[in-house]
């Protein structure tokens, strides 16, 4: 019995094959759905109801003739701050006397006295930073038990003077004042950042390195530029003095490994420059950072883990377990480094550790220190903390562990998931451990719930705030976060008695040069986001303080003492959160908690990230899908944001320039509001455009398409105006629209691609029908169509096909499927993705060519019939998906319709597998090969494209290969590859291309072994 007859006689085998293939397809569809993991649930977004403080007249500056303080450097600095505040208010500058005996007479005096502690810190008496201010006749007496308390009291007096508030408010005479939160940290601000405009002009540098020593680094001996160190030192002292005045008592400075030699451990061989560099760093920068400690601040250093240099990596790889982060032997190396570090920097209060980000994007040009995300399991975190805490405990120092992490699993989720937090950190109760967590359930976006993991745990906790909100235009828009931060602190403190501090980012977060050139205390309109630095400190002292009053105090200190002008600024800042949350977010989407691809995308995804306006289908289609029932609201928010921005500009522009302390600051404020208005107009047009387009993809409504076309024109005009106006502005730089424009170009082609798909679908359906049912005169080509029908549906019968009656049939049997393959895949990729065409068409070509070569001199007609039929089937399925409204609709359904996606993936993958089944049966039925040799040839042909394109991806690098493909297909955010990288964000193993190459070669080798033996192929008669 022939093979074809066997199958014909046993049709259940064919049915069983179809069932198996569909079952495999269904399993793949289930895995795809699981991998995408798309879910959208309502988020508990905290309400923000900002209202400006009522206008009030300023209290007169106190008539102080003298400030007497103990002979302490930090207290003297605080006393000077009081004298300067009085002078800034227009009164005579009081004399500052430190350590000298009180002079008789001479006018009212502020006297600072140090007393014995009345209680332990936190127990209500004078201790720690607590102070008591009281009147003594015409004098004021400030009592404290420590220099820290005396300094805190003096800075409070200075702040009240600058704010025009009573120096001694009603009810405060003799009352002990102490901070609610005892640890109040700032980052290192803009210290050490090169301010050269050339670094910002038109920048697309998304490097996240924020090293403070950069300008002083030399590539060779003496390794450190002493002159640059002096400049960095001056910037650091300015930051420390400013932060102390605002109420902070600690600072975090980046650095660890660059100060360590691992002396005696053998990490660095003799003569290795890392040793000399580390010693030079300690010598030059140790005294710089010591200034903060001398002024009473706790100095923490910060590092990513694993922190690495090339020799250190080599050393760790040589350990018995290699770079296994769960092995204590690895951490013993870092223990030795940390002991050396604390010995070199004896004033260090501890080390802050982050494990959730790292890699080349954080590297600093000019040296080879880097980091790697390697602490990925709870066991690894625990091993690391045990090792570091042992060293910290030796000197009563702290380890601050940041829970921020990106990725999957418990470590990737510990920042936002209570169960994961407990799995990673539960039971670690070391008194030297502080756990630091962002206040919101995610990164620093709006529309996020408060982070409930800050309400749990037994560890000491601090709350992270970002003043210069990186995702909200880097603080270059008015953005008053006081109400939000205050509510967060109140909630955390009510729930968790272990919350003891805050960490405010004054500059940190996001790329340095892909946004505005605002350098805290140094360049640009930094005063605008200094509000959030100031308010975070005020609220850390007193979480029940009125945020509106704090904003008014900031306005008086920064811009104007005029009540009307202060009220105007207060009104603008009260509107700022509405403007930002409507102009930069799409509410119906942003108010949902989203999960996709194993991670939690942020609520702003259409701006991904920072200044990149995205155009990818995954994000934009998902936003529409979530918002479709509130589409008018989603679009209308953009218009509301424009109205708010216009109103804010009108209010500030209406103030009298003469009432501003510095008219240049008023102009900066107006310019900022002009930028905000223009930006919101541009984004509003884009928002309308992509939502209306998605509506057309969803419904086919011609009115939606007309609305899209109108919005597209408005967007193009607004974008061009925005780029022309701000494209070269380093202080208010234009947003970037390449990704958006890619998406627009694909959308403009969708309708044409749909018509092309319909025409090709009609052609193929006609060809299939003719092949299946034609019984008339055998014209040229009919036999080829009949052969394709047999190959598509019953490839085990291609051996019984009659010889092709004409050259037309011999050519058509492969030319028609090839034509359909090329045209359908080109239409599917909008004729705009050479990468996609190379991969798909190249794979088909290699597969078919390998099978043809393995036939030798045999007639390939039966092979082409089987492969062509299978290819036609696969193409028909694809065309059904694209014929409706082009590839845009195909991807819209893929991202937003799970049931339809499941059906499509099931059928499409089954049809993909059918190609191999068809090839196998063609070799057996058409050429008389046994099962082993037929299988071997199919394995060789199937392995060839896997090996070739695996090798191509290996040569290019997986990240670059994926980036090129995604840039052309516009499926995932364009910004992914330019920020962390697609592979990092999606946790794709970098070794995958090599594995594919090896697997492909393995298939080819296995197939070759199976094909060994006497050739048994026969030529069709």
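The values are calculated or read from the model by the stated rules, or taken from the named source; none is laboratory data. This structure is a prediction, so every number in the text was calculated from the model and none was measured. Neighbour counts are summed over all protein chains in view; Cβ atoms, including those assigned to glycine, are modelled from backbone coordinates with ideal geometry.
Details
- Unmet criterion (only one of (1) touching a helix residue (DSSP H, G or I) at 6+ places or on another chain (Cβ under 8 Å); (2) free of Cβ contacts under 8 Å to residues at least 12 places away in the same chain) for residue 343: (1)
- Counting only helices (runs of 4 or more DSSP H) that fall entirely inside region 764-883 and contain at least 3 residues that are under 29 Å from residue 750 (Cβ atoms) and modelled with pLDDT of 95 or more, the qualifying elements are 807-828, 834-855, 861-882.
- Cβ-Cβ contacts under 8 Å between residues 6 or more apart (or on different chains), taken from a first residue in region 844-868 that is within 18 Å of residue 928 (Cβ to Cβ) and assigned by TED's automatic domain parsing to the domain that holds residue 946 to a second residue that is at pLDDT 95 or above and part of a loop (DSSP other than H, G, I, E, B), are listed as 852/860.
- Entirely in region 540-641, the helices (runs of 4 or more DSSP H) that have 3 or more residues that are outside the structural domain of residue 665 (by TED's automatic domain parsing) and modelled with pLDDT of 95 or more: 547-558, 563-583
- Yes/no for residue 882 being surrounded by 23 or more Cβ atoms within 10 Å (Cβ to Cβ) and within 36 Å of the chain's Cα centre (by Cα): yes
- Filter result (over 30 Å from the mean Cα position of the chain (by Cα) and buried (at least 21 other Cβ atoms within 10 Å of the Cβ)) within region 694-719: 696
- Condition met for residue 731 (part of a loop (DSSP other than H, G, I, E, B) and surrounded by 15 or more Cβ atoms within 10 Å (Cβ to Cβ)): yes
- Note on region 413-426: among residues that are in contact (Cβ under 8 Å) with a residue 12 or more places away in the chain and surrounded by 20 or more Cβ atoms within 10 Å (Cβ to Cβ), the one that is farthest from residue 459 (Cα to Cα) is 416.
- Given (1) within 30 Å of residue 317 (Cα to Cα); (2) surrounded by 15 or more Cβ atoms within 10 Å (Cβ to Cβ), index of the condition residue 219 fails: (2)
- Among (1) surrounded by 17 or more Cβ atoms within 10 Å (Cβ to Cβ); (2) at pLDDT below 95, the one test that residue 163 misses: (2)
- Region 294-314: number of residues that are out of contact with any helix residue (DSSP H, G or I) (no Cβ under 7 Å at 6 or more places or on another chain) and over 19 Å from residue 389 (Cβ atoms): 5
- Being on the phi > 0 side of the Ramachandran plot and in contact with a helix residue (DSSP H, G or I) (Cβ under 9 Å, 6 or more places away or on another chain) holds for only one residue in 174, 99, and it is 99.
- Residues of region 945-984 that are touching a strand residue (DSSP E or B) at 6+ places or on another chain (Cβ under 8 Å) and assigned to a helix (DSSP H, G or I): 978 alone.
- Test: residue in region 131-151 that is closer than 24 Å to residue 55 by Cα and touching a helix residue (DSSP H, G or I) at 6+ places or on another chain (Cβ under 9 Å): no
- Qualifying position, being more than 25 Å from the chain's Cα centre (by Cα) and either closer than 21 Å to residue 732 by Cβ or assigned to a helix (DSSP H, G or I) (or both), among 490, 507: 490
- Search result, residues across region 556-573 that are under 27 Å from residue 249 (Cβ atoms) and within 32 Å of the chain's Cα centre (by Cα): 573
- In this structure, residue 457 does satisfy being over 22 Å from residue 50 (Cβ atoms), outside any helix (DSSP H, G or I) and in the same structural domain as residue 251 (by TED's automatic domain parsing).
- Of all residues in region 886-944 being more than 33 Å from the chain's Cα centre (by Cα) and not in a helix (DSSP H, G or I), the one that is surrounded by the most Cβ atoms within 10 Å (Cβ to Cβ): 929
- In region 608-619, the condition of being over 16 Å from the mean Cα position of the chain (by Cα), touching a residue at least 12 places away in the same chain (Cβ under 8 Å), crowded, with 21+ Cβ neighbours inside 10 Å and over 17 Å from residue 736 (Cα atoms) is met by at least one residue.
- Once region 38-58 is narrowed to residues that are over 30 Å from residue 160 (Cβ atoms) and either assigned by TED's automatic domain parsing to the domain that holds residue 604 or loosely packed, with under 13 Cβ neighbours inside 10 Å (or both), the residue that is farthest from the chain's Cα centre (by Cα) is 47.
- The condition of being surrounded by fewer than 20 Cβ atoms within 10 Å (Cβ to Cβ) and in contact (Cβ under 8 Å) with a residue 40 or more places away in the chain holds for only one of 768, 813, 798, that being 768.
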